[in-house]
Amino acid sequence: MIRPLALADLPRVLDLWEQLMADGERADPRYRVAADARRVFTPYASEVWTRVHPFPATWVADEGGLQGFLGILPQFPLAVLAVPPTALITDVFVVPGARGRGLARRMVMTAVESAAQAGYSRVEVGTLSADVRASGFWQAMGFGAWRTTLVRSGGAAS
């Protein structure tokens, strides 16, 4: 069953979030999570992930226990851009043993439909460019490149 996050789910979803962060580090070594990330992130998650307006901010896949989660938040694009109300999928994670059963797809579709019912007809998502598995998933879900963020590390330009 795909359902909105309940407050009692928060500790388990934070466990899943830590697994997602570890997956990010494995996918791209440049993605490093701070040692105290959970402690720092927990107050934010407690406030933001439990929101239900204008649509639930977090969805969980609950099949005999929490098997995954998805975060989605309303965005406020620059007023100079002519884009419809936009939601941003911030995180998606399914435990390795439950992958391949369509849980991520069902969470995405549920979240997208919920956002659309609230008037957010446009949905964006970002992923690590080195994470080929995630990029393939999003493309299979109908997401395509619109904007690219390029990062330069180091000192002054030559």
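Somewhere in the stretch 71-80, is a residue in contact with a helix residue (DSSP H, G or I) (Cβ under 9 Å, 6 or more places away or on another chain), more than 23 Å from residue 22 (Cβ to Cβ) and touching a residue at least 24 places away in the same chain (Cβ under 8 Å)? Taking every residue of the stretch 71-80 in turn, at least one turns out to be in contact with a helix residue (DSSP H, G or I) (Cβ under 9 Å, 6 or more places away or on another chain), more than 23 Å from residue 22 (Cβ to Cβ) and touching a residue at least 24 places away in the same chain (Cβ under 8 Å). Put simply, of 88, 81 the only residue that is open to solvent by 50 Å² or more (accessible area, probe 1.4 Å) and modelled with pLDDT under 95 is 81. Please indicate, with yes or no, whether at least one residue in the stretch 22-36 is hydrophobic (A, V, I, L, M, F, W, C), part of a helix (DSSP H, G or I) and in contact with a strand residue (DSSP E or B) (Cβ under 8 Å, 6 or more places away or on another chain). No, the stretch 22-36 contains no residue that is hydrophobic (A, V, I, L, M, F, W, C), part of a helix (DSSP H, G or I) and in contact with a strand residue (DSSP E or B) (Cβ under 8 Å, 6 or more places away or on another chain).
Cβ separations smaller than 9 Å between residues 6+ apart or across chains give the following pairs from the stretch 123-134 residues that are over 16 Å from residue 25 (Cα atoms) to residues that are open to solvent by 50 Å² or more (accessible area, probe 1.4 Å): 123/116; 124/75; 124/146; 124/147; 125/90. Checked across the stretch 60-76, the condition of being touching a Phe, Trp or Tyr at 6+ places or on another chain (Cβ under 7 Å) and open to solvent by 50 Å² or more (accessible area, probe 1.4 Å) holds for no residue.
Looking across the stretch 47-85, the residues that are more than 13 Å from residue 3 (Cβ to Cβ) and part of a strand (DSSP E or B) come down to 71, 72, 73, 74, 75. The number of residues in the stretch 104-130 being assigned to a loop (DSSP other than H, G, I, E, B) and either open to solvent by less than 70 Å² (accessible area, probe 1.4 Å) or within 23 Å of residue 21 (Cβ to Cβ) (or both) comes to 8.
How about the stretch 122-131: which of its residues are in contact with a helix residue (DSSP H, G or I) (Cβ under 8 Å, 6 or more places away or on another chain) and either within 22 Å of residue 4 (Cα to Cα) or among the aliphatic types (A, V, I, L, M) (or both)? Scanning the stretch 122-131 gives 123, 125, 128, 130.
The values are calculated or read from the model by the stated rules, or taken from the named source; none is laboratory data. Remember, predicted model here, so these are calculated numbers, not experimental data. Cβ atoms come from the backbone with ideal geometry, glycine included; neighbour counts cover every protein chain shown. Each accessible area value is taken on the protein alone, full model and side chains, heavy atoms only, with ligands, DNA and RNA left out. Shrake-Rupley method; radii C 1.70, N 1.55, O 1.52, S 1.80 Å.
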